[in-house]
Amino acid sequence: MAVDTKRFDDGVPSLWLEPLALAALLALVVCVVCKLYSRLTVGVCTSTKSMKGKTVIITGANAGIGKETARELAKRDARVIIACRNLQKASEAAKQIEAETGKQIFIRKLDLCSLKSVKDFAEEIIREEERVDVLINNAGIVPFPERVETVDGFEQTFQTNHLAPFLLTNLLLNKMKETPSSRIITLSSSLHHFGRIDPDHLDYSAYKVPMQVYSDTKLANILFTRELARRLRGTGVTANVCHPGAVQTDINSTYVGFLNFCLNCLFFFFGKTPLEGAQTSLHLSVSEEVDGISGEYWKDCRVAKGSAASRDMKLATKLWNQSEKLTGLAI
């Protein structure tokens, strides 16, 4: 059977192929430019300060940003305590860091989905540790497609990302006040710009948009830090909050299938590695430039503005008071 090549000679396919080729080329150029921009603008901790003699607690440090933060602080001779729910994964991470740095990593059990676990952990730290120089509230989760409650009856994302770190920080405050120039660092996200907080309605019973809950908790992280900094004035303890950037970590594995594929592509072209994501946490932990600075929102090792809601101190105070009631700190 003869093939009619006339339609190819007429150039009909090229009418389709040329725009598609141009679109593909343009998309590739945009991705490359974005990748270069993300590499050139990433913040880097330039301080070489030693952390010898200082104790650092990092929650959720068995992988991702927390693990890289632990590794870098161990290299600086800090006494690093990684607080994790999964002790097996924590042990594997600790062994790897110890092999690379030659420094001992200490493991403590901490399940942020249980307020009792938070209290037990804090009591153990107060009882066994002489000092706490840096507390990094690094652990966090993204919501599952369907609502999940903790043993305490709270929506899981809200408790893990806000209530538990709020309680832990408050329980360790007296210990940290005994340590000169101690620092509290909490990880937030640029998604806080989409957050909406109503301190009188924090049960999240209407679970229609899971990522809205995540955005709310990231806003809560900033409001909590600003109010905490206000209450810590004159104590020598500072509190700051940071956006690590879009980082490819295990947290993204919550979603599977096509959505997971899309997220991985997004993070590959626009995101950071875990080590790059750890830079602002490191900067806030060690840099002399941060001495005395408190209550600020940081991004790429620089102070950033944050949303208007994240600067609402009346809202911050209301959220604090309600969080005290929910965690049992208010009598």
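The values are calculated or read from the model by the stated rules, or taken from the named source; none is laboratory data. Quantities reported herein were computed from a predicted structural model and do not represent experimental measurements. Positions of Cβ are generated from backbone atoms using ideal geometry, with glycine treated the same way; all protein chains shown enter the neighbour counts.
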Lone unmet requirement of (1) buried (at least 18 other Cβ atoms within 10 Å of the Cβ); (2) closer than 20 Å to Ala220 by Cβ for Val148: (1)
Is the range 306-322 home to any residue that is in contact with a strand residue (DSSP E or B) (Cβ under 8 Å, 6 or more places away or on another chain), part of a loop (DSSP other than H, G, I, E, B) and touching a residue at least 60 places away in the same chain (Cβ under 8 Å)? yes
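Kindly evaluate Ala94 against the criterion of being surrounded by fewer than 23 Cβ atoms within 10 Å (Cβ to Cβ) and hydrophobic (A, V, I, L, M, F, W, C). Step through it out loud before you land on a result.
On the way: surrounded by fewer than 23 Cβ atoms within 10 Å (Cβ to Cβ): no; hydrophobic (A, V, I, L, M, F, W, C): yes.
Spelling it out, it is not the case that Ala94 is surrounded by fewer than 23 Cβ atoms within 10 Å (Cβ to Cβ) and hydrophobic (A, V, I, L, M, F, W, C).
Every residue, every condition in (1) over 24 Å from Leu171 (Cβ atoms); (2) at pLDDT 90 or above, yes or no:
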{"site": "Thr225", "(1), (2)": "no, yes"}
{"site": "Pro244", "(1), (2)": "yes, yes"}
{"site": "Asn264", "(1), (2)": "yes, no"}
{"site": "Ser281", "(1), (2)": "no, yes"}
{"site": "Glu288", "(1), (2)": "yes, yes"}
If you check every pair at least six apart or on different chains, which have Cβ atoms under 6 Å apart with a residue in the range 229-246 that is more than 17 Å from Ala139 (Cα to Cα) first and a residue that is surrounded by 19 or more Cβ atoms within 10 Å (Cβ to Cβ) and not hydrophobic (A, V, I, L, M, F, W, C) second? Ala229/Ser294; Ala229/Gly295; Val237/Ser182; Thr238/Arg183; Thr238/Ser294
Would you confirm, using the coordinates I've provided, whether Gln159 is crowded, with 20+ Cβ neighbours inside 10 Å, of a type in the set (S, T, N, Q) and out of contact with any helix residue (DSSP H, G or I) (no Cβ under 7 Å at 6 or more places or on another chain)? yes
I'd like the full set of residues that are surrounded by fewer than 19 Cβ atoms within 10 Å (Cβ to Cβ) and part of a loop (DSSP other than H, G, I, E, B), limited to the range 293-305. Ile293, Asp300, Lys305
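Yes or no, residue by residue, for (1) without any contact (Cβ under 8 Å) to a residue 60 or more places away in the chain; (2) surrounded by fewer than 23 Cβ atoms within 10 Å (Cβ to Cβ):
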residue: Lys52; (1), (2): yes, yes
residue: Thr55; (1), (2): no, yes
residue: Ala61; (1), (2): no, no
residue: Leu73; (1), (2): no, no
residue: Cys84; (1), (2): yes, no
residue: Leu110; (1), (2): yes, no
residue: Asp120; (1), (2): yes, yes
Output the number of the condition that Ala239 fails; it satisfies all remaining conditions of (1) assigned to a helix (DSSP H, G or I); (2) modelled with pLDDT of 95 or more. (1)
Checking the structure you have, find out if any residue of the range 85-93 is touching a helix residue (DSSP H, G or I) at 6+ places or on another chain (Cβ under 9 Å), of a type outside the set (S, T, N, Q) and either modelled with pLDDT under 95 or within 28 Å of Pro180 (Cα to Cα) (or both). no
If Asp77 satisfies all but one of (1) in a loop (DSSP other than H, G, I, E, B); (2) acidic (Asp, Glu); (3) crowded, with 23+ Cβ neighbours inside 10 Å, what's the number of the condition it fails? (3)
